[in-house]
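All remarks here apply to the structure that follows.
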Amino acid sequence: MDAIIPDRTRIAPAEEIEKHVAAEGDRESDPALALERERELEPVGRWQDELTVRGMVAALLIGFIYTVIVMKIALTTGLVPTLNVSAALLSFLALRGWTRLLDRFGIVSRPFTRQENTIVQTCGVACYTIAFAGGFGSTLLGLNKNTYELAGDSPGNGPGSYKEPGIGWMTAFLFSCSFGGLLTLIPLRQVLVVDYKLVYPSGTATAVLINGFHTTQGDKNSKKQIRGFLKYFGGSFLWSFFQWFYTGGDVCGFVQFPTFGLKAWKQTFFFDFSMTYVGAGMICPHIVNISTLLGAILSYGLLWPLISKNKGDWYPANEKESSMKSLYGYKAFICIALIMGMDSTTSRKLLPSLSKACIDSLAVNVWTIEVRTEGQHNPNVDNTVSLEDLQRDEIFRKGHIPSWLAYTGYALLSAVAVVTTPIMFRQVKWYYVVIAYVVAPMLGFANSYGTGLTDINMGYNYGKIGLFVFAGWAGRDNGVVAGLVVGTCVKQLVLISADLMQDFKTSYLTQTSPRSMMVAQAVGTAMGCIVSPLTFMLFYKAFDIGNPDGTWKAPYALIYRNMAILGVEGFSVLPKYCLALSGGFFAFAALLSIARDVMPHRYRKYVPLPMAMAVPFLVGGSFAIDMCVGSLVVFVWNKINKKEAGFMVPAVASGLICGDGIWTFPSSILALAKIKPPICMNFTPAP
């Protein structure tokens, strides 16, 4: 499963990045720091005081809610939008609502601070991150028997190369590979966040949001946000409940409503009334939503119907629809080509910075000393520092985590993974895991440096490279399982280390202790390693997960398995002209990405995103229409009342997403209890 269009890739507007980089160090142009001027210096308390019981309970609740939502999205389309802003808002609303409720009953409670808000948001996000980064919709699901059978007969897809999901081994595997990433870059946090002054746009944006909540105006807006969230949460939940009564069959209900006619419906062009994707469309930028619609038109509107006419010539007529030798081969690899085409230009842009990062990491102490010495003796350098900056630096410095503790912890976690992973997967050799843990810190530093500059987390791409390398190394009999498992390990280690640096940037700007942030990350990760497998197994038992013709397609499970097969067999497995078409779309994606880099901003913002275009190539156009409806709502709202839309859109979108997402939980309970909807509403042509 790919996340955040996909691969959990968070794409920040280039102009905002450039603006922030240009103004680095200028307090007048830094919104996160400008908010500090609204308040006097806050007293610095103990870092332990930032960790509260009510905060951990709220984080667990938020983590569970978003785990259910993310799991649903991962197992349907795989396109998981960035929900960090929504989680920050919900954590604020939950605790602010709780403290106000206690006040009404005359119960004195401790003040709700921005530091506690930061901790709750960090812990909750760390919890639900495991739901999509853990591979439940991609690599881990790609190990099951159903995906093995869908991949078809091929030498690389050997007999017995599957493992059915289970709570036990999934939980153990996640615990063994999810915590190492928290420790790899601990000794370099001061360098990346303070000395290098990397922007980390998502971390900065979250800090701006949290700092804004804890102002006089933010307190006034929060009342409206709470009411808006609750209203749309309730409406979305009741709407999903109402829809359930009409889904008593395979192709039934409002989710199959032929909005544009039956011919368009057959090509997946219809509005399926999914409030989850309408809400996601309200959060995502307009260009992302338009890009998904363009991808749907290009694939299901033009390309697949044309290729289908050559069935029996370009690919065997008797092959299963899900086989890599049939139409699915074109779908999968053109989708991958679009993603990798955009990634190639991103990697090209980051290469100079990543090379510099790797060199600097070898002599980081010398570099830091030189910079500080130059700042002290160079008369051209402005050494004036504000009181807020001094306090912020002091808090960040006092939250020092000993390097020896990080190194020792990483070594112990590596040893645990080296021992346990081959026990869980006989196809994985112990030295595969050793190599993964040895290279992960170097890749993690380079990835974190690039994320700090561009907000693009390349963890999934490092995981794909690991998948190909280890699948090819393990050979025909063991390659698929070894590639999927060790590739997941590499991805987890690299991705989580970059996410931690984003959180450290947030803690720096909100004056939250790095120690409490580290504890919150660890607690949230532990929550996720338990909550995510339980949630997944509930869905797995209740619904037909992985059915390419159903609602729960989980498209990236088959994608990743086929990538592993490709790593074992090479390109001979692909159907006729598939490689040529994939090469063409790779070049097309690269050209679009280059165009976004070189064109002026007024034109650049209209260039589609290849990564967003790629998702409908696999899952169809219905969700793209939902997201465009969300975009339309935001567009109209901004025209009517831009000020209100600015602070209400996240609350309304969060309510829509949470209401629809939470309904999935009781609906899965009903499915397990064999309680079926009483009505099947479907549509057929008139006689």
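General observations
- In the stretch 192-203, the residues that are in a helix (DSSP H, G or I), open to solvent by 10 Å² or more (accessible area, probe 1.4 Å) and modelled with pLDDT of 70 or more: Val194, Asp195, Ser202
- Residue match in the stretch 654-661 (condition: crowded, with 19+ Cβ neighbours inside 10 Å and closer than 19 Å to Ile287 by Cβ): no
- Tallying residues that are of a type in the set (Phe, Trp, Tyr) and within 30 Å of Val598 (Cβ to Cβ) within the stretch 289-346 yields 1.
- Residue in the stretch 561-582 that is closer than 20 Å to Thr67 by Cα, open to solvent by 10 Å² or more (accessible area, probe 1.4 Å) and not basic (Lys, Arg) present: no
- Unique match (being surrounded by fewer than 24 Cβ atoms within 10 Å (Cβ to Cβ) and part of a helix (DSSP H, G or I)) among Asp499, Asp503, Asp477: Asp477
- Criterion (at pLDDT 90 or above and in contact with a Cys (Cβ under 7 Å, 6 or more places away or on another chain)) met by exactly one of Leu298, Leu303, Leu293: Leu293
- Residue satisfying condition, being open to solvent by less than 20 Å² (accessible area, probe 1.4 Å) and either within 21 Å of Leu143 (Cα to Cα) or out of contact with any strand residue (DSSP E or B) (no Cβ under 9 Å at 6 or more places or on another chain) (or both), within set Tyr410, Tyr432: Tyr432
- Look at (1) open to solvent by 50 Å² or more (accessible area, probe 1.4 Å); (2) within 23 Å of Leu303 (Cβ to Cβ) and you find that Pro610 fails only one, number (1).
- Counting only helices (runs of 4 or more DSSP H) wholly contained in the stretch 215-293, the ones carrying 3 or more residues that are open to solvent by 70 Å² or more (accessible area, probe 1.4 Å) and not hydrophobic (A, V, I, L, M, F, W, C) occupy 216-244.
- Every residue from the stretch 93-119 that is in contact with a Lys or Arg (Cβ under 9 Å, 6 or more places away or on another chain) and among the aromatic types (Phe, Trp, Tyr): Trp98, Phe112
- All of Ala131, Ala87 fail the test of being at pLDDT below 85, of a type in the set (Gly, Ala, Ser) and open to solvent by less than 10 Å² (accessible area, probe 1.4 Å), apart from Ala87.
- Test: Thr206 is over 30 Å from Val419 (Cα atoms) and either modelled with pLDDT of 85 or more or outside any loop (DSSP other than H, G, I, E, B) (or both): yes
One line per residue, one yes/no per condition, for (1) of a type in the set (Val, Ile, Thr); (2) closer than 30 Å to Leu89 by Cβ:
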{"site": "Ser236", "(1), (2)": "no, yes"}
{"site": "Cys252", "(1), (2)": "no, no"}
{"site": "Ile287", "(1), (2)": "yes, yes"}
{"site": "Tyr300", "(1), (2)": "no, no"}
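- Selected residue (criterion: modelled with the lowest pLDDT) from residues of the stretch 38-57 that are part of a loop (DSSP other than H, G, I, E, B) and under 13 Å from Lys398 (Cβ atoms): Val44
- Exactly one residue out of Thr184, Thr139, Thr171 is in a helix (DSSP H, G or I) and not basic (Lys, Arg): that is Thr171.
- Count of residues meeting criterion [among the aromatic types (Phe, Trp, Tyr), assigned to a helix (DSSP H, G or I) and over 30 Å from Leu618 (Cα atoms)] in the stretch 62-121: 2
- Scan of the stretch 520-531 for residues that are out of contact with any Cys (no Cβ under 8 Å at 6 or more places or on another chain) and open to solvent by less than 10 Å² (accessible area, probe 1.4 Å), ordered by number: Cys529
- Screening the candidates Leu150, Leu183, Leu188 for the property of being aliphatic (A, V, I, L, M), at pLDDT below 90 and surrounded by fewer than 24 Cβ atoms within 10 Å (Cβ to Cβ) yields one hit, Leu150.
- Checked against (1) of a type outside the set (Asp, Glu); (2) touching a Cys at 6+ places or on another chain (Cβ under 9 Å); (3) open to solvent by 30 Å² or more (accessible area, probe 1.4 Å), Leu618 meets all criteria but (3).
- Residues satisfying the stated conditions in the stretch 510-519, i.e. open to solvent by less than 10 Å² (accessible area, probe 1.4 Å) and in contact with a Leu (Cβ under 7 Å, 6 or more places away or on another chain): Ser516
The values are calculated or read from the model by the stated rules, or taken from the named source; none is laboratory data. Bear in mind that the values here come from a model prediction, so they are computed numbers and not experimental data. Ideal geometry is used to build each Cβ from the backbone, glycine not excepted, and the neighbour counts take in all protein chains shown. Note: accessible area is taken over every heavy atom of the protein model, side chains too, but ligands, DNA and RNA are not part of it. Shrake-Rupley method; radii C 1.70, N 1.55, O 1.52, S 1.80 Å.
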